Amino acid sequence: MKKSIVYISVTKNTELLANTIKNQFNDVSYIGSPSDEALDADIIFVGFWAQAFACPQPIKDFLAKLDNKKVFLFGTAGYGSTPEFFNPIMDAVASFVPETNKIVGTFICQGKVSEAKMNAIKEADATKFETCLFTMLCYF
Ligand SMILES: Cc1cc2nc3c(=O)[nH]c(=O)nc-3n(C[C@H](O)[C@H](O)[C@H](O)COP(=O)(O)O)c2cc1C
């Protein structure tokens, strides 16, 4: 069964998961950023980092292209570490997988977020950051 791994990663948390998956198999035909090349596989592992409690647009666009595939979703998130926090993110991402496909598994965990990164996010969009933090705190 042909396998491909598609992921995006800015600070390498999700990349670590992608490489860990790759190392479990010796028949991965593609690993890398979203590309039509990856569509030539029966099972596609799709990795994302959490953004706005879903995934970034390039992953949504890639998921929309999937047809009749087995799909394994994996991701990393920054602001929480509980099932209550993770599940809505994974559900949101899963909702972008067309119904002709079968989601065969999911995995999500908290990625490392440096203080510098947090500050950069805060400076880039203070209001959004506060909204994210507020939403996160509601889970505790
Ligand atoms: C612009 C931006 C938005 C983010 N939004 C969220 C979010 O909504 N929820 C969350 O848990 N983490 C959020 N994060 C944190 C990242 O999802 C987290 O650090 C992830 O592990 C990064 O993955 P990467 O190292 O593969 O890039 C955000 C990070 C950035 C830079």
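Here are a few things to note about the model shown:
- Inter-label distance, nm, simple model (7 Å from Cα along the C-beta direction), ASP27/LYS112: 3.5 nm
- Prolate/oblate/rounded label for the range 1-80 (Cα gyration tensor, a/c 1.5): oblate
- Counted over the chain, the DSSP beta bridges are approximately 5% antiparallel.
- Highest-first packing order for the peptide set 74-80, 31-37 is 74-80, 31-37, based on the mean count of other beta carbon atoms within 10 Å.
- Cα-projected label distance for ASN68 with ASN87, points at 7 Å along beta-carbon direction, nm: 3.4 nm
- Listed residue (VAL10, LEU66, TYR79) projecting farthest to the positive dipole end of the range 1-85, Cβ model: TYR79
- Farthest toward positive dipole pole in the chain [+1 Lys/Arg, -1 Asp/Glu at C-beta], among ASN19, CYS55, SER35: ASN19
- When you restrict to C-alpha pairs under 8 Å that are six or more residues apart and normalise by the size of the chain, the relative contact order lands at 22 percent.
- Computed E for THR100/ASN19 - FRET, C-beta separation, R0 35 angstrom, nearest 0.05: 0.75
Each value in this text was obtained by applying a stated rule to the coordinates, not by laboratory testing. No experiment lies behind these values; they were computed from the predicted model shown. Backbone-built Cβ (ideal geometry, glycine too); neighbour counts: all protein chains shown.
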